[in-house]
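Some notes on the structure that comes next.
The values are calculated or read from the model by the stated rules, or taken from the named source; none is laboratory data. As the structure is a computational prediction, the values presented were derived from the model and not from experiment. Here Cβ is always computed from backbone atoms with ideal geometry, including for glycine, and neighbour counts include all displayed protein chains.
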Amino acid sequence: MTPRPRTIAVVGAGIAGLACARTLTQAGHAVTLFEKQPAAGGRIASRDTPFGSFDLGAQYFTVRDARFEQALAATQVGRQRWNANAVRVLDEYGRVAEAELPSREAHWVGVPAMDAIAAQWLQPLQAAGRVQLHTRVTRIEPDALDRRRWQLHSTGPEDSVHVFSGFDAVLLALPHAVAASVLRQSGLAARMVERIERVRVAPCWTLMLAFPQAVQPTLSHLGPQWNAAHSAHHRVAWVARESSKPGRSPIERWTVQASPAWSQEHLEDDAPRAQAKLLKAFAEITGIRAEPAHAQVHRWLWARTLEPLGASHLWDGNSGLGLCGDWCVGHRVEDAFVSGLELALAANAG
Ligand SMILES: Cc1cc2nc3c(=O)[nH]c(=O)nc-3n(C[C@H](O)[C@H](O)[C@H](O)COP(=O)(O)OP(=O)(O)OC[C@H]3O[C@@H](n4cnc5c(N)ncnc54)[C@H](O)[C@@H]3O)c2cc1C
């Protein structure tokens with residue numbers, strides 16, 4: 001029997017929320033997607049600068065689940081392989097400890113930037129008028145006109161307050177701590193909150209650097225021959241030459257991700273202090289001591305899942321409340337996709 005079409009709110013337009021919203025829309029439900037930012041993507045984020053773009057969240061994605069491949073192919077998402085053999089493993093002094101990662105699976109990047117997937121998946125929902133950007137959901141409560149349904153309280157630009165009502169189901173595709181906070185504020189789903197509280201996710205300070213002086217006729221790039229590396233340096237876990245990714249500007253650009261432990265320890269540092277420390281570590285690792293023309297840091301409060309939920313999603317068919325996000329399963333873009341998809345399948349089944 002085909003499930004009866006329902007009115008469903010999906011909160012959060014990262015990969016989990018987008019996967020969830022598009023699957024339920026395809027199943028015939030009336031879905032509205034709420035996102036606090038002016039654009040979709042969440043931690044798949046790209047930042048434009050005069051020197052070219054930076055992927056300041058996810059650097060690349062893997063495709064292990066056939067359903068992810070199918071969704072990417074069906075929607076013709078702009079993506080290209082990024083040479084996986086270029087990924088090195090460095091010791092704490094920046095010396096190459098392993099020439100390449102043991103795994104030879106494809107490292108995919110969105111083109112022209114990582115956020116291409118999100119933009120492509122948002123587009124049909126937006127064209128159908130099903131997306132509320134600039135809308136931060138703060139509370140869920142029973143609908144004032146029909147207590148069997150839900151309504152959402154939200155804040156928008158300049159602290160404007162809106163209430164959206166008439167939802168049969170509310171699916172939160174939020175970082176774990178935000179989902180727990182919205183449920184707590186709403187006095188709902190105490191058992192779900194208890195389970196979320198066991199999830200642990202590490203922060204990540206991220207540094208973006210541009211060296212336009214490297215693009216000279218005689219000098220194609222600065223520093224090491226490799227383009228990306230996992231690092232055992234105590235401050236830095238990952239360095240990548242953004243300009244080596246396909247479809248990017250050729251201006252020499254690097255992204256540096258601090259280690260989970262260092263990010264946690266320096267969580268409350270101010271941005272200039274974190275930037276100076278990471279720049280020093282970058283110079284130690286790569287040998288690049290030139291002054292960057294552009295340097296900027298970003299602090300991600302929730303970057304890498306250390307302890308996942310251990311289930312692909314949470315769904316309560318009686319109340320119509322559900323939860324998804326990468327933190328349910330792991331720390332990768334694909335985990336977010338699988339979580340969002342499986343919540344949609346559960347909610348569709350009722
Ligand atoms: C620095 C960094 C590096 C990474 N590197 C990789 C990598 O190389 N490969 C890989 O596969 N993965 C990587 N990841 C992980 C990957 O980015 C995530 O697994 C994935 O993007 C998470 O998607 P999500 O939809 O679960 O959550 P999110 O992307 O966090 O989406 C949640 C959305 O909810 C919105 N939101 C929050 N609060 C509210 C609210 N109250 N109301 C409405 N909307 C709200 C947010 O703005 C956001 O858009 C990295 C992550 C980070 C931060």
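Could you list all residues from the stretch 289-313 that are assigned to a loop (DSSP other than H, G, I, E, B) and within 30 Å of Glu194 (Cα to Cα)? Residues satisfying the conditions are Pro308, Leu309, Gly310, Ala311, Ser312, His313.
Of the strands (runs of 3 or more DSSP E) lying entirely inside the stretch 8-76, those carrying at least 1 residues that are under 17 Å from the mean Cα position of the chain (by Cα) and not hydrophobic (A, V, I, L, M, F, W, C) are 46-49, 52-55. Within the stretch 280-310, being more than 19 Å from the chain's Cα centre (by Cα) and among the charged types (D, E, K, R) holds for Lys280, Glu284, Arg289, Glu291. Considering each residue of the stretch 261-314, count those that are among the small types (Gly, Ala, Ser), touching a helix residue (DSSP H, G or I) at 6+ places or on another chain (Cβ under 9 Å), at pLDDT below 95 and surrounded by fewer than 13 Cβ atoms within 10 Å (Cβ to Cβ), and give that number. Within the stretch 261-314, residues that are among the small types (Gly, Ala, Ser), touching a helix residue (DSSP H, G or I) at 6+ places or on another chain (Cβ under 9 Å), at pLDDT below 95 and surrounded by fewer than 13 Cβ atoms within 10 Å (Cβ to Cβ) number 0.
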